[in-house]
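Please read the structure below before turning to the comments.
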Amino acid sequence: MVFWGLILVRYLPLTIGLRYFSSGGRNNGLVSFISLLALLGLSLGVGLLILVLSVMNGFDREMREHILSIVPHVQVTSSGPVEDWQSQQESLSTLPNVDEVTPFSQLEGVVFSNNNTRPVQLLGLDAEEIPAGMQAVLDKASLAIPNAGQLLLSKPIVEALGLSSGQRVSFVMPSDYRRQAKVVSLTLAGIFATGTEVDQMLGIVSLSQAGQMNGNHNSVDGFRVQLHDLFDSRITAHRLITQLPFGFKVIDWTHSHGNLYQAIQLSRNMVGLLVFLVVGVAAFNVISMLMMMALKKRKDIAILQTMGVSKSQVLNIFLVQGMLIATVGICCGVLLGIAGCYWVTDAVAIIESFLGAKLLNTSIYPIDYVPVDLRSSDVVFVALSAFLLTLLATLYPAVKASNTMPVEALRYQS
């Protein structure tokens, strides 16, 4: 009996804390309601924060691994046609951090078909030298670089013009200092989709076809350079320009897509902060609930104190209750957030099919789908932050409860 008595005294705060947690609001509807709000708020806040961070991580990953695999990390162009491009390509390929150097020609104009027009940027590529990112897009659509007299168009352009494979389209090239305006008739050989904003303008022809159209049969407009480390693009761009003769210029991805990347990072931080405030509100609900619980249990606390329970033990009773709320709420929130990460893409697809419209359109957003990148480090960070915040919120009502004076509490109790 003495042994079990010592055990009970030692774990008295845990025992009473568990009892208060499981039945604290049974006889008080308001306390029960606030306790439920605290749990639900904490669970939803943690779940939403994990989901939001995972989606923003997904946008960051797609920006680095998908969008920037299709657009050049560094684009090298010349004021005129590059004649001896083979030797220049070989020279650039030897520089540090350079992964791929792909010759290209580029034509800007308008595609005309079915009394509709659409601005298009035709990219001329050699079938033997295709950037890896572009090759992945073509492989996904089971396509290859088209033959002479043919072109590939992105899905949004084809849909806007009402085209189908095998149809003839007219490509209208405006005049510039090198050529007069002319119209070239081409056959649509295939349709591709990158799922990014590039789809709004991109068409693909062979390098020889592009040379024939712009009148530079044996030359190219420049090089598309892909890097091992894309965040070292400015230094590498400087090395490239010093390797080339006068007349060349370079532009790296931070000029063309840097603002988009920074916007994604800013959105991640701001949305994460806003959702984290939801967790903060849930933590303040814990304060309200425990304060009301302390007022309701003043008589019980006073009786325990007259029986020899110390202030520290009373403090621990309410700390245990607060930590149990935090543990249960955070665990439910983590499960909710992980489940949301696995289902959000399908949920968006279902909503789009129900509405009959795209929620993410590449004419507005950088990609047309919801990417998710769930990271264990984010889950741990969110859970620990929410637990610490809830623990801090528990301290004030726990201290107030521990300072209850037995005489004052029992004076007006029947």
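Nothing in this text is a laboratory measurement; each read-out follows from the coordinates by a stated rule. Source: prediction; values computed, not measured. Every residue, glycine as well, gets a Cβ built from its backbone with ideal geometry; the counts of neighbours run over all protein chains shown.
So what J values fall out for the stretch 226-240 if you push phi through Karplus, 6.51 cos²θ - 1.76 cosθ + 1.60 with θ = phi - 60°, rounded to Hz, Gly and Pro as x?
9, 10, 5, 10, 5, 7, 9, 5, 5, 5, 5, 4, 5, 5, 5
What dipole magnitude, in Debye to the nearest 20, does the stretch 163-275 give about its Cα centre under +1 on Lys/Arg Cβ and -1 on Asp/Glu Cβ?
280
Name the long-range amide H neighbours of Lys182: under 5 Å, sequence gap of 5 or more, or other chain; modelled H, no Pro or chain starts.
Met173
Quickly work out the Thr242-to-His228 label distance, labels modelled 7 Å from Cα along the C-beta direction, and quote it in nm with one decimal.
1.8
Gain in length, Arg375 to Leu355, computed as 0.36 nm per residue apart minus the alpha-carbon separation, to one decimal in nm?
That pair, Arg375 and Leu355, stretches by 4.1 nm at full extension.
Report the extension gain between Ser164 and Ala148 in nm, rounded to one decimal, defined as 0.36 nm multiplied by the number of residues separating them, less their alpha carbon distance.
Roughly 3.9 nm would be gained on extension.
Evaluate the distance, in nm, between pseudo-label points positioned 7 Å from the Cα of Leu388 and of Ala136 along their respective Cα→Cβ axes.
About 3.6 nm, to one decimal.
Using a Cα-Cα cut-off of under 15 Å, which aspartates and glutamates could be cross-linked to Lys249, ignoring same-chain neighbours fewer than 8 residues away?
Straight-line reach from Lys249, under 15 Å: Asp221.
The stretch 229-276: which chymotrypsin sites (Phe, Trp or Tyr not before Pro) are DSSP loop and have at most 12 other beta-carbon atoms within 10 angstrom?
Passing sites in the stretch 229-276 are Phe246.
Could you tell me which GluC sites (Glu not before Pro) in the stretch 65-173 are loop residues by DSSP with no more than 14 other beta carbons within 10 angstrom of their beta carbon?
Counting only loop positions with at most 14 other Cβ atoms within 10 Å, the GluC sites (Glu not before Pro) in the stretch 65-173 are Glu83, Glu128.
At what distance in nm do the modelled label points of Glu83 and Ile338 sit from each other, each positioned 7 Å from its Cα along Cα→Cβ?
Spacing of the two 7 Å Cα→Cβ label points: 6.5 nm.
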